[in-house]
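Encoded as structure tokens, the structure appears first; notes follow it.
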Amino acid sequence: MYIKELQLVGFKSFQEKATLRFSAGMNAIIGPNGCGKSNVLDALRWVLGEQAFSVLRCARNEDLIFGGTATTPALNYAEVRLVLSTEDRPELGAEVEIRRRYFRSGESEYYLNRQPCRLRDITDVFLSAGIGTKAYSIFDLRQMREIISGNVRRMFEEAATLAKYRDAKEETQRKLELTADDLTRLDDIIAERERVVRTLARQAARLRAHQRLRAEEKSLRLLELKRDFDEVQRALALAQSDAATLERAEAERLEQMRRVENELRSQRGRIHEVQARKDRMVNEARERRQVLSRLEGESLLEQQRAEFLRQRATQAENERQQRVQDFEQRQRTFDEALVRMSESSRRLADAEVRLEQAQSANRAAEERLYELRRHAADSRERLSDLTAEEQRVVQELALLEAAADNSREAVARLDDELAAIAGRAAAARQAADAAAVEVVRQAAECDRSREKLERLRRELARTRTEQAGVRSRRTDLAEQKAGLEREIAVLETATASEQKRVIDEVLAGQVSGSLSRFLEIEPGWERAAAAALQPLIEFTVCTGVPDATVLKRLAQAAPELRFCLVDDRIKASGPVNAGPDTRLSAHVRVKPDAPAVLAGTVAAFAVAVDPSELVRLAAEGSETPAVTRDGMAWFGDGRLVLEGAGAGRLGAERRLSERQAAAKAVEAELERLAAVEAELDRQRATLEQQLEVGEGDRVELERARLEAAAAAAAQSATAAEQARDEARLRQERYNQAGQQRLLEEKLGQVRARLTVVREKVEAAAAALASADEQARQQEAEVKAGLARAAEILAETAGLRQEVLRLETESAYAKRTIDEVRRRVTELEAEAAAAIEEAGRLEQTVHAREGEIAAAQAQVAGLEAEAAQLSLAEVTRAEEELEENLAELRRQQEQNHSLLMDQRMRRFELERQAAAIAEEARQSYGTDIATFQPEATDDFAGRLEHVRRRLEVLGQVNPLAAEEHEQEKADLSRLVAQREDVALARSNLEQALVEIDRHAREQFLTTYSEVRTQFQQVFKELFIEGEADLVLVNDANPLESEIAIVARPRGKTPKRLEQLSDGEKAMLAVSLLFAFYRVKPAPFCFLDEVDAPLDDINVGRFADYLKSIASRTQVIIITHNRATVERADVLFGVTAEQPGVSKLISVSLAEYREQRATEPETGG
């Protein structure tokens, strides 16, 4: 896997699209400071999912988008696309494309293989491949400083892939916390459910009493319904009789009302006939008057119409005369417009000819101007090339002069070093002897420290083992205690009863317990004792017999229950001694202070071998009580009791007592183990503190030993090294002298070339000035021609507008003349028609005057005849009949109101009877009408008594029995669930131990491999010297810091900060390369890590970097030439415009191949 392509659009300083196509080998990115090289690294980090602003070198997300310059506008989004070649990973396909985009509006988009995705999807895909902003595949000076400061643990965790173990551990711990919460919640729920079960047991007893009273109330209620039904039936018969009487009276009044209404209708008919005759006359007179009014209106309208037509004819004649005058005026205007339009057209043609001539001249002048400008541009480009060449020669000259100065300084430095070698050799021999003695002493101290630490570790391991055993035992005991508490709760529920609760409440001060506390039963004989003591099991022992008031209050507290009490003051005459095995007293011992009735009952029973013997005694009619071990008892008076396997209350009470004693013992053991665990905690803390102090001492001693050993080895090798250094320095001086001579020769050549280039620059500048002057003159000529053409064009446009305006006026005048001519003709015809119509209307008005006079005479006759008719007498007779009818109706309404009241009463009584019958049928399945009750004396008093008892009992839970059974089942299920949760917690704790073990093994393996490779790489890069990695706390490697010990040749620094910048860089690079050897990353992106190195170390660094490029893609941002020369592809980043980065690329590998294939040429 390697980076195939990285594309930036609008990211930071990259305004335009910039694409970097990397090779699979070594790639270098160069450019001046501030041009945007590190923005390429930021883009890679960003597209891989980096979110930290400090790492991306910005203050907010908007800073990632190109912000624009003084001449370039800002962009609205930033986008980075990364293409990875994944041919070595078939599960990912041939290529993987990642794209990340951010908009100024705040929207962010992620794409994986061109499909929208989440950031988590990208992280999951590539963390397994070792790619990410937190891994060591991206390395810069900031991470180098972290290594020097000792923060290297994160790199080890990445190399050891501890992230998956950490995630698994966190997930397991989260599940363990949830399991503990579930366990606590289940304990709380179980305790609450046990309380609910006890409560529901009491509610179930109340429910049974309530049901018994309800059944009695139901039987008494049926008698009450029969009584109410009979009373309603009697009231209903009386109501029906009253309603029949009212109905007959109502029928008589209705007949009288019918006769009066018939007479009133006859009278109203006569009135209607008179009124109809009068109305006919009035209507006829009205119709005649309407005809008269219509005739008069038509005559008046025709007169007005004739007058209007004569006025209209006069107006038409006047308008015709005006139109004729207007026609003559418009004809003259039209002729004048035609003449002006002809003159304007001629002038327009002349202007267009002159405009075409001016435009042709301007085009020729512009072509000459373009040619002159192209020539000036060529001259300017040549001058720019010569200026750039001059700058390159100047830079080359400056470099050569600097190199010559460096060479002279190197020769002087080498002379000084040769003079100092002799003195250092003698000092080195003395230091070597002292260092050897110190090494022996430090080794002895380290051995003693190791023995002490080993002893402390063994003691700490023993203490932890004991502590783990105590914790495991406490956990087991806690679970055992919880189980006992659940059993106790269940047994308490089983032995509880409603009678006992009521007795405890009423006789709180006198109750001393149940009879079972006076018994000691041999295991296995509980059912036998329960069967023999069956009449006494429910008895409660009291201190004396309660007084009458207390007993009455006890009876009223729960009237539905039976209470059994025994006086414990009546003791047995003596202890009941254990008899032979054939007696029950041999297996059930009665305590000395037991009540006499209990002692006597136990002493009276014999033991039967099997049920057949018991059957024999019953058949013989034996009066001796006997009982079998399995709970079958014969009382000698005809009673036989069979005690069920699950009905043994005495057994339950014995188990309850045993569980309570066991719970107390477990509680005491838990307290003892808590004290033991506290003591072990104290011992462990003391040992850990001693171990921590010892570890610190050991690390210091080990560091001192390594320092002493390194110093001894260094001093012992110094003498031999002096000779090699002297030979090397002499050779270097000889090489520097030869290089100085070559540089002086090359300086002379470069200075001569600079003189030639400057002469060419001056000639090019003169040619450019001449070309610019010619172009300015030609440009002035073109501008003058354009001005003349613009004047002609303006004149042409004015003439065209004038011709267009005249054409429009002519067309309008012609249309107006035609319209006037047509209107004159219409007015003449309209005036003639109006005069003719006015004469016809005047003749019609004279003809209608006779019709109007006849109509007026007919209207007057009809009005006189209608006035003679009168309705006063007929109306008075009608009013008398209406008064009689109103009185009859008032009486009928009173009768009807009384009838409706009786009917409503009858309906209400029928409804009551139906409701009583329905209640009897639905609730009791009885026809109340045919029901014949038995003796019903005082049933009302008994019903009232039952209802008072129900009221005292109060509301009950009707589902108490079902809920009690359901809650018991739920309690059993919860207990089983708690056992499952406790098992799950144990499994999770074991999983945590396994995760820690695997993570520790993985980390130690990676640490050992990296340590070995680091020592080797350090020696390769530093030539001599030694380095090592030290776990500060090897007892807990997963949390221990990792110290770096480094001793370059001739140095024994106490701290890494005492090293030079170059040595720090080489040390960090050595550790980085060690990680690449142990777990190679798909690519390695380095940002100016070689900046602190000198030329010799840069060469070694570049060679080593080139060697790993065969298996890991290398991308480095650098300023060093030695590093660039070893690259396969070179990318250059420039900033031609401030704030805008540009990109160019060169394939050095292809260039080298071309140079290698070119034929050799002389000269």
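Side notes on the structure shown:
- Gain in span if fully extended, E826 to E273, counting 0.36 nm per residue against the direct Cα distance: 192.6 nm
- 3J(HN,Hα) along region 1070-1076: 4, 5, 4, 5, 5, 5, 5 Hz, from the Karplus curve 6.51 cos²θ - 1.76 cosθ + 1.60 with θ = phi - 60°, whole Hz, x for Gly and Pro.
- Each residue of region 657-662 is assigned a 3J(HN,Hα), and the resulting list reads 5, 4, 5, 5, 5, 5 Hz, derived from the Karplus form 6.51 cos²θ - 1.76 cosθ + 1.60 (θ = phi - 60°), x at Gly and Pro.
- Amide H contacts of S1147 (H built 1.01 Å from N, in plane; Pro and chain starts excluded): L1130 sit under 5 Å, all sequence-distant by 5 or more or on other chains.
- Sorting W634, W46, W525 from the fewest to the most surrounding beta carbons within 10 angstrom yields W525, W46, W634.
- Once you reduce region 1-23 and region 326-341 to the center of their Cα atoms, the two points are 79 Å from each other.
- A straight chain from E319 to A704 at 0.36 nm per residue would run longer than the Cα-Cα distance by 125.2 nm.
- This ranking places E146, E695 by how few other beta-carbon atoms lie within 10 Å of each, fewest first, which gives E146, E695.
- Cα-projected label distance for A665 with E965, points at 7 Å along beta-carbon direction, nm: 3.8 nm
- Near E95, the amide H atoms lying under 5 Å from its own belong to T86; only residues 5 or more places off or on other chains count, and H is placed 1.01 Å from N.
- With contacts taken as Cα pairs under 8 Å and at least 6 residues apart, region 1011-1091 reaches a relative contact order of 29 percent.
- Hits among aspartates and glutamates - C-alpha to C-alpha of K591 under 12 Å, sequence gap 8 or more where chains match: E520
- Couplings 3J(HN,Hα) for region 766-775, derived from phi with the Karplus relation 6.51 cos²θ - 1.76 cosθ + 1.60 (θ = phi - 60°), are 5, 4, 5, 5, 4, 4, 5, 5, 4, 5 Hz, where x marks Gly and Pro.
- For R973 and E445, the difference between the fully extended length at 0.36 nm per residue and the C-alpha to C-alpha distance is 183.6 nm.
- Listed from fewest to most Cβ neighbours within 10 Å, the set I995, I503, I29 follows the order I995, I503, I29.
- For the peptides 179-185, 587-593, residues were scored by their other Cβ atoms within 10 Å and the scores averaged per peptide; the highest-first order is 587-593, 179-185.
- Bridging of K226 to lysines at a Cα separation below 17 Å is possible for K218, once same-chain residues fewer than 8 apart are set aside.
- The H on the amide N of R583, modeled in the peptide plane, is under 5 Å from the matching H of V607, each at least 5 residues off or on a different chain.
- Dipole in debye (nearest 20) - the chain, about Cα centre, beta carbon charges: Lys, Arg +1; Asp, Glu -1: 2460 debye
- In nm, spacing of pseudo-spin labels at Q731 and T199 (7 Å Cα→C-beta vector): 9.8 nm
- Too-long pairs where the Cα-Cα distance tops 29 Å, listed order kept, from K1064/K1106; K4/K1019; K1106/K1142; K37/K1064; K164/K452: K4/K1019; K164/K452
- Efficiency of FRET between S241 and V952 - r from beta-carbon atoms, R0 35 angstrom, step 0.05: 0.15
- The DSSP beta bridges internal to the chain are antiparallel in roughly 75% of cases.
- Note: relative contact order over the chain, using C-alpha pairs below 8 Å and six or more positions apart, is 27 percent.
- From the coordinates of this entry, Rg/Rh (Cα atoms, Kirkwood Rh) is computed, and it appears in (1) 1.07; (2) 1.28; (3) 0.96 under the label (2).
- Order by protection proxy (mean Cβ within 10 Å, highest first), peptides 966-975, 16-25: 16-25, 966-975
- Candidate cross-link partners of K968 among the aspartates and glutamates, defined by an alpha-carbon separation under 20 Å and a same-chain spacing of 8 or more, comprise D187, D188, E192, E194, E485, E487, E492, E498, E653, E979, D980.
- Spin-label pair S1110/L301, simplified geometry with 7 Å Cα→Cβ offset, distance in nm: 12.3 nm
None of the figures in this text is laboratory data; all of them are computed from the coordinates on show. Everything numeric here is computed off the predicted structure, so don't read it as measured data. Note: ideal-geometry Cβ built from the backbone for every residue, glycine included; neighbour counts use all protein chains shown.
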